[in-house]
Amino acid sequence: MRLVLLGPPGAGKGTQAKVLSQDLNIPHISTGDIFRDTVKENTPLGRELAGYMQKGVLVPDDIVNRAVFERLKKEDASGGFILDGYPRTKPQAAVFDEMLKKSGMSLDIVIYMETSKNIIVKRLTGRRICSKCGANYHITNIPPKKEGVCDACGGKLIQRDDDSEQTVLKRIKIYNEQTAGLIDYYQDKGLLCKVSGDLEVDKLNRVLNEFFVKEGLL
Ligand code: AMP
């Protein structure tokens, strides 16, 4: 199954992708995670990426497309994947279509997680991530047992540079300008399935599971 999760930052794409990846037994591929790992390596490319990401602007399409191309070549993606955060512009979607076509593959479904702006802002500004294992928390919705400490590995919880309110508002604006057009793009291809990203994690997960069962995919 080849699946794309589409939606604004803070829709919960990463959270749902992690659960779906286990349920469907296919890898969760997040371009944001790939870039954050590259930033940690502190190479010239990592430093270039950090510049874009801290400002909340998009990484240039050619860098993104190359990263996705390399990731999809890996063996674990041959049986399907869940893409989270890609494509994010129409040129990326066009290159991705070509990439799939050349490999004799096609997308099965694009899940669009429609989400309200006030919910996005609350979720992202309250989000904390583990600096060691990357686990996600929220100061009120998913608090850790001990404040500032990861339940899973004991790592320190931090706020992502791009989760400050000012940067979140900028990311939403960029999403509306550059990514939201993909809703129609995939609707026209008959691939879009719309769900509410406003729902709590477990509830949305149940909705998605029911959908996959109904479609005979789970
Ligand atoms: P995310 O974790 O998906 O919110 O991504 C974090 C940041 O990585 C974004 O704000 C962008 O700077 C960059 N990024 C991730 N995916 C893409 C993409 N498909 N195109 C351009 N930039 C991206």
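All of the numbers you see were taken from the coordinates with simple rules; none came from a lab. Here the structure is a predicted model, which is why all the values come from computation and not from measurement. Here the Cβ positions follow ideal geometry from the backbone for every residue, glycine too, while neighbour counts run over all protein chains shown.
Structure values in brief
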quantity: Burial ordering of MET53, MET1, fewest other beta-carbon atoms within 10 Å first; calculated: MET1, MET53
quantity: Translational diffusion of the stretch 115-203, µm² s⁻¹ [Kirkwood Rh, Cα pairs; Stokes-Einstein; 25 °C; 0.890 mPa s]; calculated: 165 µm²/s
quantity: When the chain is reduced to its Cα atoms, the Kirkwood hydrodynamic radius in Å; calculated: 17.9 Å
quantity: Out-of-range pairs (alpha-carbon distance over 20 Å; input LYS55/LYS146; LYS102/LYS189; LYS40/LYS170; LYS13/LYS194); calculated: LYS55/LYS146; LYS40/LYS170
quantity: Extension gain from LYS170 to ASP23, taking 0.36 nm per residue of separation minus the Cα-Cα distance; calculated: 49.6 nm
quantity: Placed amide H near HIS138: partners under 5 Å, 5+ positions off or other chain; calculated: ARG128
quantity: Potential extension, GLU70-ALA94 segment - 0.36 nm per residue separation minus Cα distance; calculated: 6.9 nm
quantity: Whole-angstrom gap from the stretch 53-127 to the stretch 194-218, using each part's C-alpha centre; calculated: 20 Å
quantity: Loop trypsin sites (Lys or Arg not before Pro), the stretch 50-120 (other Cβ atoms within 10 Å of the site Cβ: 12 or fewer; DSSP); calculated: LYS73, LYS74
quantity: Relative contact order %, the chain, counting alpha carbon pairs below 8 Å whose residues are six or more apart; calculated: 29 percent
quantity: Long-range amide H partners of ILE109 with built H, under 5 Å; calculated: ARG2, VAL4
quantity: Set of the stretch 73-95 residues, backbone N closer than 11 Å to the point 7 Å along the Cα-Cβ line of LYS101; calculated: 94-95
quantity: About the Cα centre, charge dipole magnitude for the stretch 130-218 (Lys/Arg +1, Asp/Glu -1 at Cβ), debye; calculated: 240 debye
quantity: Trypsin sites (Lys or Arg not before Pro) within the stretch 141-217: DSSP coil, no more than 12 neighbouring Cβ in 10 Å; calculated: LYS145, LYS146
quantity: In the stretch 127-218, GluC sites (Glu not before Pro) in a DSSP loop with at most 16 other beta-carbon atoms within 10 Å; calculated: GLU147, GLU200, GLU215
quantity: Stokes-Einstein D for the stretch 1-69, Kirkwood Rh over Cα pairs, 4 °C, 1.567 mPa s (µm²/s); calculated: 98 µm²/s
quantity: Reciprocal mean inverse distance between Cα atoms of the stretch 13-113 - Kirkwood radius, Å; calculated: 14.4 Å
